[in-house]
């Protein structure tokens, strides 16, 4: 199944809107291209993340639980009225109390229900509540590292550059980064040898690209994904390339590394130390 556009909103607890401090307590996923207009939400089973961020004495757990239930009920009540992303934006804009919805964000998905489960685990659950599965560690692409070595030596490109993924809140360490008016971050990706896993990883990278490009506040960053796609997933390669193109995410295949490095050489300038 080809990836289709979908939109997600984070359900957030924000006790003091003037301070712009919020914690994720749920998530909503909307897929308008589906015939059933897929729209589902999930909320956290506990308030552990609220407690950790704001302190035990700063909130009422009963109040937060009631507010989360009320949000889910409101989403269900409005389901038949939400048919476009503009409808979803209008609905999110009306939720401006302590429990609110973030503006809709675009992503690619082949399975909205599985995507909702994955994003709920990653963005909402407290780490101690998450399933024990871990992402496999990404492998490096030697041709890229060799080609960028002169630019690293000239301090045009920095290595091991830490940056926070907006909304998610996790800090990723990117192998290479440079400036050209915007922050550019490189992700090296040797795709898994199983087609479904390769396409799932592509979706994660496309989502990260969207989050980095348009954060809720502050300047965005450009994610440059340099990829090696094993011959075993040649059939999935077309779908992966099309997914990145459809969602305006940058994908550089291993064969294009020389042209990519030439492009970086002509525009990169040094970044301050992170």
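The values are calculated or read from the model by the stated rules, or taken from the named source; none is laboratory data. Just so it is clear, the structure is predicted and the values come from calculations on it, not from any experiment. When we count neighbours, we look across all protein chains shown, and the Cβ atoms used for this are built from the backbone with ideal geometry, even at glycine.
Is it the case that some residue within the stretch 201-215 is in contact (Cβ under 8 Å) with a residue 40 or more places away in the chain, crowded, with 21+ Cβ neighbours inside 10 Å and more than 25 Å from residue 110 (Cα to Cα)?
no
What is the number of the single condition among (1) surrounded by 17 or more Cβ atoms within 10 Å (Cβ to Cβ); (2) at pLDDT below 90; (3) out of contact with any helix residue (DSSP H, G or I) (no Cβ under 7 Å at 6 or more places or on another chain) that residue 109 does not meet?
Every condition holds for residue 109 apart from (3).
Any residue that is within 15 Å of the chain's Cα centre (by Cα), at pLDDT 85 or above and either closer than 18 Å to residue 141 by Cβ or assigned to a helix (DSSP H, G or I) (or both) - is there at least one of those in the stretch 158-167?
So far as the stretch 158-167 goes, no, none of its residues is within 15 Å of the chain's Cα centre (by Cα), at pLDDT 85 or above and either closer than 18 Å to residue 141 by Cβ or assigned to a helix (DSSP H, G or I) (or both).
Would you tally the residues in the stretch 255-272 being in contact (Cβ under 8 Å) with a residue 40 or more places away in the chain and exposed (fewer than 15 other Cβ atoms within 10 Å of the Cβ)?
Adding up the residues that qualify gives 4.
I'm trying to understand the selection: among the residues of the stretch 147-165, which are farther than 18 Å from residue 263 by Cβ and buried (at least 20 other Cβ atoms within 10 Å of the Cβ)?
If the condition is that a residue be farther than 18 Å from residue 263 by Cβ and buried (at least 20 other Cβ atoms within 10 Å of the Cβ), then 161 is the only one that fits.
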